Amino acid sequence: MGTVLQAFANPEDALRNGGLQFCRKDPDVERCRRAHRNDMENIFPFLFLGAIYSMLDPSPTVARIHFLIFCVGRIVHTIAYLLRLKAPTRSVAYSVAQLPCFSMALQILLATTPYW
Amino acid sequence: MGTVLQAFANPEDALRNGGLQFCRKDPDVERCRRAHRNDMENIFPFLFLGAIYSMLDPSPTVARIHFLIFCVGRIVHTIAYLLRLKAPTRSVAYSVAQLPCFSMALQILLATTPYW
Amino acid sequence: MGTVLQAFANPEDALRNGGLQFCRKDPDVERCRRAHRNDMENIFPFLFLGAIYSMLDPSPTVARIHFLIFCVGRIVHTIAYLLRLKAPTRSVAYSVAQLPCFSMALQILLATTPYW
């Protein structure tokens, strides 16, 4: 593994892998961290929305379309982020993945209206 | 949109929006990111706790009070964060929103005691 | 509380606690933030996987083993992170905690195969 490509956030990791000079920030690592953070911001709410939405007894076909759009949108988002694809590829993929989330949130809100 | 207010974390976004000099950190953007991160740290656990708590068949009125306190606390937290309200407004809102979470966690622990 | 140990991300918090010079980054605070972020990246998916896995009617003993390994792994991970234990203690604890997550994800995928 080429040491020149190494970067560690923690000194104890750098010490084990070449020395303290590798306890540093690296633009590519920061990019991965931003992609990962965006995943957390979007995928975790999707998991919650998808679970509650599934309890509303939706049409399996409609539910599959929701999950598929989100899944494809997020995969394209990750590829666009890591390969630095030309803007606005990443933003479009992000927005597409948001659509099924908004749709599920709306359906959950409508289904729970009687209990407000 | 005034270009002087722009800041992008990714060079490909800056290139499309005025130039590479806008690939930079901005104090207001960092503030929003901190508020968003705090939301993740608190709202995601709430969603899990709230879902499990709801399966314990709680009194709907008591459950509503739990959810309402959390909701108001988090909205005040976000307003206090983004408008830089005088400390400790934000911390108090944060702590108030934690109360229903602790209460729900405690009730879940108590309800599952027989199965330990 | 010794003021020399203080660090705040927000100027309004620093102003209330000694002055603007304490609006700064601190290596120990950054370390805690990294540990907390790693918790979010791992514990939130575990909560989702654990909830869905529990609906598959697993053997309570097997489920307990899954949850216990994750729990111990994450506690060791946090201790190793905050006490800067020698590498690769932290990475090993992280990997051990991943095992029950992979196992649960696999069992969920297998159980849902008929509905694909």
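The values are calculated or read from the model by the stated rules, or taken from the named source; none is laboratory data. Small disclaimer: the values here were computed from a predicted structure and weren't measured. Glycine also receives a Cβ, built like all others from the backbone with ideal geometry; neighbour counts cover every protein chain displayed. All accessible areas refer to the heavy atoms of the entire protein, side chains included, with ligands and DNA or RNA removed. Shrake-Rupley method; radii C 1.70, N 1.55, O 1.52, S 1.80 Å.
Points 7 angstrom from Cα along the Cβ direction at A:SER59 and C:LEU99: gap in nanometres?
4.6 nm
Can you name the residue in chain A whose Cβ lies closest to the A-to-B rotation axis, and give that gap in whole Å?
A:PHE44, 3
How charged is the neighbourhood of B:ILE79? Take every other residue with its Cβ under 14 Å from the Cβ of B:ILE79, and add Lys/Arg as +1 and Asp/Glu as -1.
Residues near B:ILE79 contribute +3 overall.
Place the label 7 angstrom along Cα→C-beta at C:GLY19 and in each other copy, then list the distances from the first to the rest in nm, shortest first.
Values, ascending and in nm: 3.9, 3.9.
With a cut-off of 8 Å between alpha carbons and a minimum separation of six or more residues, what is the relative contact order of chain B in percent?
22 percent
Give the average, rounded to an integer, of partner chain Cβ atoms located within 10 angstrom of each Cβ in A:93-99.
0
Is the C-alpha gyration tensor of chain B telling us rounded, prolate or oblate? Criteria: a/c under 1.5 is rounded; beyond that, a/b larger than b/c is prolate, otherwise oblate.
It is prolate, given that a/c is not under 1.5 and a/b is the larger ratio.
Need one word for segment C:30-85: rounded, prolate or oblate. Basis is the Cα gyration tensor (sqrt eigenvalues a ≥ b ≥ c); a/c below 1.5 gives rounded, then a/b vs b/c decides.
oblate
Each residue of segment A:78-90 in turn: what ³J(HN,Hα) in whole Hz from Karplus with 6.51, -1.76, 1.60 and θ = phi - 60°, glycine and Pro shown as x?
Whole-Hz 3J(HN,Hα) from phi for segment A:78-90: 5, 4, 4, 5, 6, 8, 6, 4, 4, 4, x, 3, 5.
Just to be sure I understand: with springs between alpha-carbon atoms less than 10 Å apart, which residue in A:VAL76, A:VAL62, A:VAL96 has the highest mean-square fluctuation in the Gaussian network model of chain A?
The residue with the greatest mean-square fluctuation here is A:VAL62.
Just to be sure I understand: with springs between alpha-carbon atoms less than 10 Å apart, which residue in B:LEU99, B:LEU49, B:LEU83 has the highest mean-square fluctuation in the Gaussian network model of chain B?
In the Gaussian network model the winner is B:LEU83.
Which value results when the Cα radius of gyration for the protein assembly as shown is divided by 2.2 N^0.38 Å?
Rounded to two decimals, the normalised Rg is 1.09.
Put a label point 7 Å from Cα along the Cβ direction on C:LEU99, then list its distances to the equivalent points in the other copies in nm, shortest first.
Here the equivalent label points are 4.4, 4.4 nm apart from this one.
Which aspartates and glutamates have a Cα less than 12 Å from the Cα of B:LYS86, not counting those fewer than 8 places away in the same chain?
Straight-line reach from B:LYS86, under 12 Å: C:GLU12, C:ASP13.
Compute the distance in nm between two label points, each set 7 Å from the Cα along the Cα-to-Cβ direction, one at B:CYS32 and one at C:VAL72.
4.5 nm
Considering amide H positions built from the backbone, and no H for Pro or chain starts, which residues 5 or more places from A:PHE8, or on another chain, come under 5 Å of its amide H?
Correct list: A:CYS23, A:ARG24.
What are the nm distances, shortest first, from A:ILE75 to its equivalents in the other copies, labels at 7 Å along Cα→Cβ?
Its label point is 4.0, 4.0 nm from the equivalent points in the other copies.
For chain B, with every protein chain kept in place, what is the accessible area per residue (1.4 Å probe, Å²)?
The answer is 60 Å² per residue.
Tell me, what HN-Hα J-couplings in whole Hz come from the Karplus equation 6.51 cos²θ - 1.76 cosθ + 1.60 at θ = phi - 60° for each residue of segment A:38-55, using x for Gly and Pro?
For segment A:38-55, the Karplus-derived couplings read 4, 4, 4, 5, 10, 6, 5, x, 4, 4, 5, 4, x, 5, 5, 4, 5, 6 Hz, x marking Gly and Pro.
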